[in-house]
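One structure is given below, encoded as structure tokens.
The values are calculated or read from the model by the stated rules, or taken from the named source; none is laboratory data. Since the model is a prediction, treat every value here as computed from it, not as a measurement. As a convention, Cβ positions derive from the backbone with ideal geometry for all residues, glycine included, and neighbour counts pool all protein chains shown.
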Amino acid sequence: MEIPSAPHPELTAEQKQHISERSSGMVPGAPMSRRMLPGGSVAERVLMFEKSPSAFGLDPVAVRNMPQRKEPTLTGTAITPWRSQVQDQLNKSQIPGKKERIVPISKLESGPTPISISSQPLPVFQPPVAQTFPRRTTQPSTTFRPPSLHLPGKEEIPKFYFPNGNPTGKPSAENVCKKFGEAFSKYKNNCVTNEELGQVLKVSGYPLFWKCPVFQAAGGDKAETISLLQLSKAWRRLVNNCHDEAAQFVSILTQGARTHLVPEDMVPLIQDVVDTHPGLLFLKEATEFHSRYVHTVIARIFYEVNRSWSGKITVSELRRSKFLSTLRLLQDEDDINQVTDFFSYEHFYVIYCKFWELDKDHDLFIDREDLARHNDHALSTRMIERIFSGAVTRGSAQKEGRMSYTEFVWFLLSEEDKRHPTAIEYWFRCMDLDGDGVLSMYELEYFYEEQLQRMEQLGIETLPFDDCLCQMLDMIRPSTANQINLKDLKYCKMTPVFFDTFFNLEKYLDHEQRDPFATQRETDEEGNELSDWDRFAAEEYELLVAEEGNNEPMDDMCYEDGENPRMHVDESLDSEMIQHDPPGPQP
């Protein structure tokens, strides 16, 4: 069979002469070389060599047993060029003891390395095989991680966001149910009432006054008692995926329907406090005031906890507040007035009396004219208009130009304690006329104009707006020139002076007559600093008690030995409120 000849260009006369001389050995001094076979081109000779190695003087058996080439290996600088094993053995035999030298990349790039021509026959040529590196695989994670966090050789970032509480170190729902079982063993037929459930919760490590919401969630609203099976089933259903008190509290009050609380969810809890707390036993018979007290407490809870002004308390807001700790404190404190946060009856009495004085028609709503009489017309009319404009009120009553009792609670708390974060936001919303998030100099001048007019009518020496503005800017020190934002007011320690200057004339004059830097804050029996609201409520309650004493002389009241006179004072206050109890719908 003829070997097909590969096409090649025509040889020149000089090339033919050179080939002829090399084949005939006419070049003097030239070394003896292997004979050339006819066929001419390199490709033809390679094909002939592969077909018949014996034609080139080599043993076919040795050629078949010739070892294959090595795969290219990575070195510290570059990939070592491919060379056959025969060539390596020849080099080692010619230069004994010489090791292979690693050529840097820079030298490889600078120029080609000269290759010496060997007289040995050419080995079998095989194309190099591209080396592939195995792809590194990672074990699948049991929890979701962003792809960017799955780095080879790097430790995965542990989970740090737990919307329902961190389960680490917390008792599971099964363990809590076991505690319930141990506590239920003391009761007959493994059934408890609402009161007995409170002791079960307390023994199990939960607040006593969770009893009413838990009792209703377990089916107590349909019967007078619940069994251990009902309680365990409801607890697993509602609390199985909740790992801290905030998430559990929201799930129990909403019975798993929502992840936030609305005011209506709080009503059974606060009503249970009214019915069972020893500090409110005197109010048990005055059922007309239960609803007033309940809605006052709920309004104070939302004022303190609902920092987003959404009307919905989320789990995170509840977790950051002190409401749950205050609720737990109620089980150890018999005097409800010592719990000044949310539940104080004295604070409720002050708030309700202030509202009763303004609500002349006793429909549990007040309008602009009623609010203008607050504190002897201390507020400016422009600020009253802003309050009723919807900046801080909402609902159908706002559209009718009226303020409900709950909204009045927010107003009074903000008016008497302008250092509270919610109060600062309350008055900032009212003064921000265009709603751009900053108080401009034009907005400050708008409110100060009425203050100047009222001071001129009273014959009081006035301070020009430019001078007043310099004082306010020096006091607030805003981060942006000629603009006061909410953050600037929260950082300032004299926000009451700032707000009263622009819309409360009576308090503005009080600030002008005393040195605000010399004012010392009062402290309670434990050394804790009293807030402006606590101080105001204590003073107003003493005035109300004194007025009641003047109407009913204390000399005619006699007490038996060991009898507490404070009980009679509470009863007299209770009777005074019953006499002034307004008819109409409950707030």
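For G198, the test of being assigned to a helix (DSSP H, G or I), under 14 Å from D272 (Cβ atoms) and not hydrophobic (A, V, I, L, M, F, W, C) is passed. If you go through segment 236-260 and keep only what is crowded, with 21+ Cβ neighbours inside 10 Å and touching a helix residue (DSSP H, G or I) at 6+ places or on another chain (Cβ under 6 Å), you end up with L238, V239, C242, A246, A247, Q248, V250, S251, I252, L253. Restricting the first member to segment 469-493 and to residues that are in the same structural domain as L444 (by TED's automatic domain parsing) and free of Cβ contacts under 8 Å to residues at least 12 places away in the same chain, and the second to residues that are among the hydroxyl-bearing types (S, T, Y) and surrounded by fewer than 12 Cβ atoms within 10 Å (Cβ to Cβ), the beta-carbon pairs closer than 8 Å and six or more apart or on different chains are K487/S479. Counting the residues of segment 433-448 that are touching a residue at least 12 places away in the same chain (Cβ under 8 Å) and not in a strand (DSSP E or B) gives 10.
May I ask you to say which residue of A423, A378, A372 is among the small types (G, A, S), outside the structural domain of Y293 (by TED's automatic domain parsing), under 23 Å from H511 (Cα atoms) and buried (at least 21 other Cβ atoms within 10 Å of the Cβ)? Can you show your working first?
Values: A378 fails: buried (at least 21 other Cβ atoms within 10 Å of the Cβ); A372 fails: buried (at least 21 other Cβ atoms within 10 Å of the Cβ).
Unique residue meeting the criteria: A423.
Residue pairs whose Cβ atoms lie under 9 Å apart, separated by 6 or more positions or on different chains, with the first residue in segment 191-207 and touching a residue at least 60 places away in the same chain (Cβ under 8 Å) and the second acidic (D, E) and surrounded by fewer than 17 Cβ atoms within 10 Å (Cβ to Cβ), are N194/E224. Can you tell me how many residues within segment 291-308 are out of contact with any helix residue (DSSP H, G or I) (no Cβ under 7 Å at 6 or more places or on another chain) and either in the same structural domain as L412 (by TED's automatic domain parsing) or of a type in the set (A, V, I, L, M, F, W, C) (or both)? Number satisfying all stated conditions: 0. For P207, which of the numbered conditions (1) under 29 Å from the mean Cα position of the chain (by Cα); (2) in the same structural domain as S291 (by TED's automatic domain parsing) fails to hold? Of the numbered conditions (1) under 29 Å from the mean Cα position of the chain (by Cα); (2) in the same structural domain as S291 (by TED's automatic domain parsing), the odd one out for P207 is (2). For segment 338-360, check the following and say yes or no: at least one residue is in contact with a strand residue (DSSP E or B) (Cβ under 6 Å, 6 or more places away or on another chain) and closer than 29 Å to R386 by Cα. Yes, segment 338-360 contains a residue that is in contact with a strand residue (DSSP E or B) (Cβ under 6 Å, 6 or more places away or on another chain) and closer than 29 Å to R386 by Cα.
Contact map, segment 392-417: first residue closer than 21 Å to L505 by Cα, second residue part of a helix (DSSP H, G or I) and of a type in the set (G, A, S), Cβ cut-off under 7 Å, separation 6 or more or different chains; pairs are W410/A299; L413/A423; S414/A423; D417/A423.
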